[in-house]
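Notes to accompany the following structure.
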Amino acid sequence: MTRRGTADAVWSRDWDVRGLNVGAAQGQSGLDIDESLPGDDPDVEGKRKLSDIRIDAMYKKLWLNDFKACEVDSQLTVFVYGCCRSTPRPVTVELLLDCFNHLFHDMKIAIEGCCHGELDAIYKHIKNLELKNGYTVDLLLICGDFQAVRNYQDLQCMAVPNKYKALQHFHKYYTCEKEAPILTIVIGGNHEASNYMWELYHGGWLAPNIYFLGHAGCVQVNGIRIAGASGIYKMHDFKLGESYSYDPSITQSVVGNHEKVPYDASSIRSIYHIREYNVRRLSLLSTPRIFLSHDWPQSVEQYGDLAGLLRRKSFLREDINSGKLGSPPLMGLLRTLQPEWWFSAHLHTRYEATVFHHDRPLLPAAVRNPDEISIEDDEDEEEKISIPRNPDEILLDDEEEDVEVPLLPPPPCATTKFLALDKCLPNRQFLEIITLPIEESRQPPLLTFDPEWLAITRAFHPWLSTTRHQRPFPPEAEARDMVSKEFEWVSKNVTGDALLVSEHQRFIPTAPGPGNEGAAKNQQPPWYTNPQTEAFCQMLELENKINAPPTQS
């Protein structure tokens with residue numbers, strides 16, 4: 001697992017940068033194959049293997065279309081010969097790709113911006129893309145405002161004006177009237193049935209084949225590490241030092257997860273505000289390949305086509321100029337973790353950028369996905385309104401405030417591809433398909449817990465607060481030592497098939513579906529113990545602080 005980030009974005013730390021040994025792709029590493037084997041040798045399947053770093057480097061060069069730099073030597077010819085089990089023919093790009101397809105597989109991943117409960121429309125759109133393009137989408141990622149509303153009582157726990165309170169589609173998947181056709185992983189935004197998201201604080205199945213990553217979390221799908229943070233940033237519920245470094249001499253009011261059902265007018269909003277506890281936990285991860293957030297990281301718009309964004313969304317200009325657009329803690333995580341991809345939503349527009357993690361001029365990114373609906377840059381009615389707010393967004397009274405601009409250190413050399421997407425509406429750019437190479441393809445895709453995240457969860461469990469008071473966090477060095485110790489525990493106790501999510505968590509409904517709420521239909525629901533949270537805590541031998549059964553509380 002690779003760590004790319006610098007210390008100061010969240011903690012004070014100094015991480016190594018591990019580069020790819022590109023020279024291995026040019027004949028500098030050995031080939032594990034018997035060159036005397038005939039092409040039809042039945043045992044050649046087990047012997048046609050380049051060293052891992054050689055395969056990785058060679059494949060990446062092909063994947064990046066850098067064919068000329070990929071020098072083919074006699075050893076690779078033998079490798080091709082063994083793969084094809086036929087008389088060697090001239091080595092071409094096509095032949096190499098065919099051979100590498102035996103060792104590597106592609107994974108099609110769909111990314112959705114704001115869901116707003118429109119699951120039927122999203123799955124239909126993906127199906128149409130599959131039929132049109134002749135591929136199969138393996139995984140769907142949704143970047144918040146999912147709205148996992150099970151019944152009318154859940155609607156009373158969603159922070160939106162009454163005119164926006166609609167059941168939408170999720171309840172049909174929750175009651176098993178329908179089943180999600182694709183493994184779907186979601187995070188939370190600022191318009192959620194927050195009571196249900198709290199039941200699964202550590203993550204779990206919202207419905208069959210729809211997995212919530214938790215208030216913060218990291219899992220693996222066919223070996224791809226996917227991390228994410230739910231909610232949005234509000235300073236009064238976060239309180240992190242200006243430079244994001246730990247200093248025990250600084251005493252600030254850090255807020256715990258104090259909200260409980262029934263929510264009042266304040267807690268129904270604060271429950272989806274991201275906490276420092278989760279940012280510190282996520283900062284201890286080694287580099288994930290994908291990161292999901294609802295908020296944009298602060299200042300990320302500076303790394304893309306800013307002029308184009310302002311043409312479409314002129315009302316963002318004031319926040320951009322004042323440095324208030326986006327989440328400072330998320331930019332700290334982006335600089336620290338440096339994932340390959342970072343996906344967001346929230347602002348209801350498609351925007352892409354490439355963040356360079358070193359001193360380099362900011363360059364606009366202008367690559368368009370051919371799979372996505374192409375629309376002109378004509379401004380619709382809402383985009384002509386020149387007022388300092390997003391008319392697409394459902395605004396609540398406390399959702400505009402000043403944001404302190406963080407001090408960001410110069411990070412090491414790497415890039416992160418950022419993509420924000422719109423909400424699910426006709427003729428909007430709400431969904432994107434990407435293709436990632438993976439070493440082993442499984443159908444259906446295999447969802448597993450991430451061992452490092454399990455270790456972080458165990459190490460930081462004593463700091464999980466369910467009151468307003470947050471216990472002071474340990475220094476980073478101490479925190480890393482704690483995680484290292486817990487990783488040893490995870491390596492001994494949660495290994496092999498025990499890492500499969502399905503071995504511990506199975507979807508079990510806790511609340512009734514719509515129409516079965518009784519006389520309290522328009523009231524907030526009671527408190528539920530979720531068996532999946534119980535199972536997760538039992539797996540890690542932790543106390544269930546989220547929703548323990550009443551006999552244990």
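Of all residues in region 114-146, which are outside any loop (DSSP other than H, G, I, E, B), among the β-branched types (Val, Ile, Thr) and either touching an Asp or Glu at 6+ places or on another chain (Cβ under 6 Å) or open to solvent by 10 Å² or more (accessible area, probe 1.4 Å) (or both)? Spell out how you get there, then give the answer.
Of the residues in region 114-146, the ones outside any loop (DSSP other than H, G, I, E, B) are 114, 119-133, 139-142.
Still in the running and among the β-branched types (Val, Ile, Thr): 122, 126, 142.
Those that are outside any loop (DSSP other than H, G, I, E, B), among the β-branched types (Val, Ile, Thr) and either touching an Asp or Glu at 6+ places or on another chain (Cβ under 6 Å) or open to solvent by 10 Å² or more (accessible area, probe 1.4 Å) (or both): Ile122, Ile142.
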Odd one out for Pro208, checked against (1) open to solvent by 20 Å² or more (accessible area, probe 1.4 Å); (2) at pLDDT below 95; (3) under 23 Å from the mean Cα position of the chain (by Cα): (2)
- prompt: List pairs: first in region 157-178 and farther than 20 Å from Glu199 by Cα and assigned to a loop (DSSP other than H, G, I, E, B), second open to solvent by 80 Å² or more (accessible area, probe 1.4 Å) and of a type in the set (S, T, N, Q), Cβ under 8 Å, 6+ apart or cross-chain?
  reply: none
task: Output the residues belonging to region 516-537 that are open to solvent by 60 Å² or more (accessible area, probe 1.4 Å) and without any contact (Cβ under 8 Å) to a residue 12 or more places away in the chain.
output: Ala519
message: Looking at region 169-181, can you tell me whether even one residue there is at negative phi, in contact with a Gly (Cβ under 6 Å, 6 or more places away or on another chain), among the polar types (S, T, N, Q) and modelled with pLDDT of 95 or more?
response: yes
query: Across region 211-223, which residue is surrounded by the most Cβ atoms within 10 Å (Cβ to Cβ) among those that are under 18 Å from Cys115 (Cα atoms) and touching a residue at least 60 places away in the same chain (Cβ under 8 Å)?
result: Phe212
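Would you point out which residue out of Thr448, Thr466 is open to solvent by 10 Å² or more (accessible area, probe 1.4 Å), in contact with a strand residue (DSSP E or B) (Cβ under 6 Å, 6 or more places away or on another chain) and within 24 Å of Ser283 (Cβ to Cβ)? I'd like the intermediate steps shown before the answer.
Numbers: Thr466 fails: in contact with a strand residue (DSSP E or B) (Cβ under 6 Å, 6 or more places away or on another chain).
Being open to solvent by 10 Å² or more (accessible area, probe 1.4 Å), in contact with a strand residue (DSSP E or B) (Cβ under 6 Å, 6 or more places away or on another chain) and within 24 Å of Ser283 (Cβ to Cβ) holds for just one of Thr448, Thr466, which is Thr448.
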- prompt: Checking Gln153 against (1) surrounded by fewer than 23 Cβ atoms within 10 Å (Cβ to Cβ); (2) touching a residue at least 12 places away in the same chain (Cβ under 8 Å); (3) over 18 Å from Cys424 (Cα atoms), which test does it fail?
  reply: (1)
task: Take Ser465 and decide whether it is assigned to a loop (DSSP other than H, G, I, E, B), closer than 23 Å to Cys218 by Cβ and of a type in the set (Gly, Ala, Ser).
output: yes
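I'd like the residue in region 256-277 that is of a type in the set (Lys, Arg) and in a loop (DSSP other than H, G, I, E, B) and, out of all such residues, is surrounded by the fewest Cβ atoms within 10 Å (Cβ to Cβ).
Step one: filter region 256-277 for residues of a type in the set (Lys, Arg), giving 260, 269, 275.
Adding the requirement that they be in a loop (DSSP other than H, G, I, E, B) leaves 260, 275.
Working: Lys260: 13, Arg275: 25.
Top of the filtered list is Lys260.
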- line: Quick count over region 308-331, residues being in contact with a Phe, Trp or Tyr (Cβ under 6 Å, 6 or more places away or on another chain) and either surrounded by fewer than 16 Cβ atoms within 10 Å (Cβ to Cβ) or among the basic types (Lys, Arg) (or both), is 0
- prompt: Pick from Ile546, Ile508: which is aliphatic (A, V, I, L, M), open to solvent by 20 Å² or more (accessible area, probe 1.4 Å), modelled with pLDDT of 95 or more and under 30 Å from Ala166 (Cα atoms)?
  reply: Ile508
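So which residues in region 191-208 are in a loop (DSSP other than H, G, I, E, B) and over 22 Å from Val219 (Cα atoms), if there are any at all?
As a first pass, look at region 191-208 and keep what is in a loop (DSSP other than H, G, I, E, B): 191-193, 200-203, 208.
The answer is His191, Ala193.
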- prompt: Any idea which of Glu301, Glu352, Glu379, Glu340 is over 23 Å from the mean Cα position of the chain (by Cα) and either at pLDDT 95 or above or open to solvent by 40 Å² or more (accessible area, probe 1.4 Å) (or both)?
  reply: Glu379
query: Filtering region 224-236 down to residues that are more than 14 Å from the chain's Cα centre (by Cα) and modelled with pLDDT of 90 or more, which residue is surrounded by the fewest Cβ atoms within 10 Å (Cβ to Cβ)?
result: Lys234
Close pairs (9 angstrom Cβ cut-off, 6 or more residues apart or separate chains): in a helix (DSSP H, G or I) in region 427-453, among the aliphatic types (A, V, I, L, M) and surrounded by fewer than 18 Cβ atoms within 10 Å (Cβ to Cβ) anywhere: Glu452/Met1
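If you go through region 468-489 one residue at a time, do you hit one that is among the polar types (S, T, N, Q) and touching a residue at least 60 places away in the same chain (Cβ under 8 Å)? If you could, list the steps in order and put the result at the bottom.
Taking region 468-489 first, the residues among the polar types (S, T, N, Q) are 470, 484.
Of the ones still in play, those that are also touching a residue at least 60 places away in the same chain (Cβ under 8 Å) are 470.
Within region 468-489 (the criterion being among the polar types (S, T, N, Q) and touching a residue at least 60 places away in the same chain (Cβ under 8 Å)), the answer is yes, since at least one residue qualifies.
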- request: Can you confirm whether region 494-505 contains a residue that is part of a loop (DSSP other than H, G, I, E, B) and either within 17 Å of Arg275 (Cα to Cα) or of a type in the set (Lys, Arg) (or both)?
  value: no
- request: Have a look at Tyr152, Tyr173 and point out the one that is closer than 19 Å to Pro208 by Cβ and hydroxyl-bearing (Ser, Thr, Tyr).
  value: Tyr173
task: Give the residues of region 479-489 that are surrounded by 12 or more Cβ atoms within 10 Å (Cβ to Cβ) and within 19 Å of Ser283 (Cα to Cα), sorted by residue number.
output: Ala479, Arg480, Asp481, Met482, Val483, Lys485, Glu486, Phe487
message: When you check Ser374 against the structure, is it under 28 Å from Ala159 (Cα atoms) and either modelled with pLDDT of 95 or more or open to solvent by 60 Å² or more (accessible area, probe 1.4 Å) (or both), yes or no?
response: no
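The values are calculated or read from the model by the stated rules, or taken from the named source; none is laboratory data. Owing to the predicted nature of the structure, the values given are computational and were not obtained by experimental measurement. Note that each Cβ is placed from the backbone with ideal geometry, even for glycine, and that neighbours are counted across all protein chains shown. The area values use the complete protein model at the heavy-atom level, side chains included, leaving out ligands, DNA and RNA. Shrake-Rupley method; radii C 1.70, N 1.55, O 1.52, S 1.80 Å.
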